[in-house]
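Below: the structure, in structure tokens.
No lab work stands behind these numbers, since they all come straight from the coordinates. These figures come from a predicted structure and were not determined experimentally. Because the Cβ atoms are built from the backbone with ideal geometry, glycine has one as well, and the counts that use them run over all protein chains shown.
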Amino acid sequence: MPWNEQYEPVIGLEVHAQLLTKSKAFCSCSTEFGREPNSNVCPVCLGMPGVLPVLNRNLVEFIIRMGLATNCAIAPHSIFARKNYFYPDLPKGYQISQYEEPICSNGWIEIELEDGTRKKIGITRIHMEEDAGKSIHDQDSDTLVDMNRCGVPLIEIVSEPDIRSPRESYLYMHKIRQTVTYLGICDGNMEEGSLRCDANVSVRKKGETKLGTKTEVKNMNSFRFVEKALEYEINRQIDLLESGEKIIQQTLLWDSNKGIAAPMRSKEEAHDYRYFPDPDLAPVFVDEKWIAGVKKTLPEFPTARRDRFVSEYKLPKYDADVLTAEKELADYFEGVVKNLVKKTDESFKLASNWTMTDVLRVLNEQHIVLRDFPLPPNHHAEMINLIVDGTISGKIAKDVFEEMLKSKDSPKSIVEKNGLMQVSDEGAIERVIDEILTNNKGQVEEYQSGKEQVFGFFVGQTMKAMKGKANPKVVNEVLRRLLEQMKK
Amino acid sequence: MSVTIQDVEKIAALARLEFTPEEKEKFTRQFNDILAYMEKLNQLDTSNVEPLSHVIELKNVLREDVVKPGLTQEQALQNAPAKDDKFFKVPKVIGEK
């Protein structure tokens, strides 16, 4: 839904990313997902009296990676703060976070708009904090609390109010997701909550330089909802202003079932967090040597990888863009390439086509992620090897591909078991064609009288008779030769 | 800057504490006494002194990212005033934090 063109939205996003450390931020409990409730816990994350938190080295390493990838300044000195509020899933009564002196600040990332232009979005700060536990309100007359997630490390990425549309917000979120997954610091799954997004939204008349009153929109737990919720909120604010009313500064929760953002019920004091430096955690000092060490662990970034795919595998830019959009897909493609017997441009392009069309199609159809894709890269490569060396046709390969997905069998054994080898033997193909031409005298006459399209009919009949296993190139050659002979 | 009885009430509400009118008055007086003492410290010129967040000069107290066993589910729930076999139970709270 487009909005009144006289207005301009101003959006800033706060993104929380759950980090892929093995243990929690301030204690040695496992961060593993899906365990029995309240089994990944210890006195530290349960907030027992007298315990002391100790910082996980990888939390610092991971956030430095993110800071470097987003062009941030890495603070040589940074401290933790307590953010105080009461909620049952926060047993200490405060969340360990950073307030003054966050570790990363003043960065930017670039998004690519639909028309191909690039836009920089400023990153105000990125800081470390811990997650809360999980409250379940709908399974019992009481609220049930599971502390397994309590203390799992998060980073919060706060953007500048540089975003001007829901579409740009969507693109920004995608860029953040691409960055954290390439860095290997977060799995990027919005639906499962490993990546969460809150937005600060205001609108103003175009040309106005002062910011309007903002609202905060929460609970947008998918990429699509980010766009929809922001469109809703922008229109709501414009409608209010147009009817002469004022925007009230408040927090709204996106309700994806109703398609509306409704004000959250809470007291004003809830936002008085009374931050103060956490005396239990020593300050973090990051020197140049540490930063240089982390720099060495940074992976190849999407743009560089895309350019390499074009130069190394001679792929079209379009293919390279699709394949490198997600790290997992690029890794998969290179896994296939590694197992190709003939490393030629032709086989690279085949691997690209199969990955872009067939692999992505199956992921979409089955609503799965690449991690759960049943066909490993080496089997995929083996299938392409069979196409390249002429053992099977591209058409038969489609059947082999489907069969591999079902049986998880290797392509070689599927081809052997089902006798799918391509027939390239001219003699065998000639015998079949001979019979078809004899049985279809009418069509032969049509062809002789100049109806060239009938050629396709003969090819079709031959393939049908040979159950799709005939080598199409040989069929074409033989057919053309026999028809020419008959002319004479 | 002096503390009013409203300030005390606000801080009490944030800490989920309830006080009698007499207590509130007493705390207002005590808060003001403490702040008056702080005012004395404010007479010192600290414009060239870095704010101090920690009194002990420790830095980078880090542990490696290694999982160690914590408590079992049974131990974790042992002292909870209300629980079922898997969860802590609290009076129903609705709405977000």
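Please give the FRET efficiency for B:His54 paired with A:Ser311, using the beta carbon to beta carbon distance and R0 = 60 Å, rounded to the nearest 0.05. Efficiency, rounded to the nearest 0.05: 0.70. Peptides A:276-282, A:60-66, A:129-135, A:233-239 ordered by packing proxy, namely the average of other Cβ atoms within 10 Å per residue, highest first: A:60-66, A:129-135, A:233-239, A:276-282.
Straight Cα distances below 18 angstrom link B:Lys68 to the lysines A:Lys22, A:Lys24, with same-chain residues fewer than 8 positions distant left out.
Over the whole of A:320-333, what's the average partner chain Cβ count within 10 Å per residue? Rounded to a whole number, please.
Details: counts 0, 0, 0, 0, 0, 0, 0, 0, 0, 0, 0, 0, 0, 0.
Mean inter-chain Cβ contacts per residue within 10 Å come to 0.
Shape annotation for the range A:151-236: C-alpha extents along the principal axes are 41, 25, 21 Å, from largest to smallest.
Restricting the calculation to Cα atoms, the range A:302-418 shows an Rg/Rh of 0.95 when the hydrodynamic-style radius is the Kirkwood one.
Could you tell me the relative contact order of chain B? Use alpha-carbon pairs under 8 Å, at least six residues apart, and round to a whole percent.
On the way: 25 pairs, mean separation 15.9, N = 97.
Result for chain B is 16 percent.
Where does the charge balance sit around A:Arg57 when Lys and Arg score +1, Asp and Glu -1, over other residues with C-beta under 10 Å from its C-beta?
Working: positive: B:Arg63; negative: A:Glu61, B:Glu64, B:Asp65.
Cβ neighbours under 10 Å give a net charge of -2.
Between the range A:322-343 and the range B:22-39, the alpha-carbon centres lie 69 Å apart. Put a dot 7 Å past the Cα of B:Lys86, heading toward its Cβ, do the same for A:Lys464, and the two dots end up 5.8 nm apart. What net charge is computed for the residues neighbouring B:His54, neighbours being all others with C-beta under 10 Å from the C-beta of B:His54, Lys and Arg scored +1, Asp and Glu -1? Net local charge, B:His54 excluded: -2.
Using only Cα atoms, find the angle between the long axis of helix B:5-14 and the longest principal axis of chain B, and express it within 0 to 90 degrees, rounded to the nearest 10. On a 0 to 90 degree scale, this one is about 20. The residues packed around B:Pro81, meaning those with a beta-carbon under 12 Å from its beta-carbon, carry a net charge of +1 if Lys and Arg are +1 and Asp and Glu are -1. How many percent of Cα pairs in the range A:426-487 exceed 17 Å? When all Cα pairs of the range A:426-487 are counted, 27 percent exceed 17 Å. The mean of 1/r over all distinct Cα pairs in chain A, once inverted, gives the Kirkwood hydrodynamic radius of 26.9 Å.
Note on the range A:426-487: lysine pairs with Cα distance below 20 Å, sequence gap of 8 or more or different chains, count 5. Ignoring aspartates and glutamates fewer than eight residues from A:Lys343 along the same chain, the ones with Cα atoms less than 18 angstrom from its Cα are A:Glu312, A:Asp319, A:Asp331, A:Glu334, A:Glu382, A:Asp389.
Tell me, what is the percent relative contact order of the range A:389-456, built from C-alpha pairs under 8 Å that lie six or more residues apart? Display every interim value, and only then the final one.
Details: 27 pairs, mean separation 14.7, N = 68.
Dividing the mean separation by the residue count of the range A:389-456 yields 22 percent.
Expressed in units of 2.2 N^0.38 Å, where N is the residue count, the Cα radius of gyration of the range A:15-124 is 1.31. The range A:45-122 and the range A:136-211 have Cα centres spaced 13 Å apart. Spin-label model, A:Thr438/A:His77: points 7 Å from Cα along the beta carbon direction are separated by 9.7 nm.
Counting only other chains, and only Cβ atoms inside 10 Å, what mean value do you get across the residues of A:88-96?
On the way: counts 7, 4, 1, 1, 0, 2, 0, 1, 0.
Mean number of neighbouring Cβ atoms from other chains: 2.
Using a 10 Å cut-off on Cβ to Cβ distances, tally the other chain neighbours for every residue of A:281-287 and report the average as a whole number.
Taking the mean over all residues of the peptide, I get 4.
By how many degrees, 0 to 90 and rounded to 10, does the Cα axis of helix B:21-41 deviate from the longest principal axis of chain B? For B:21-41 against chain B, the angle is about 70 degrees.
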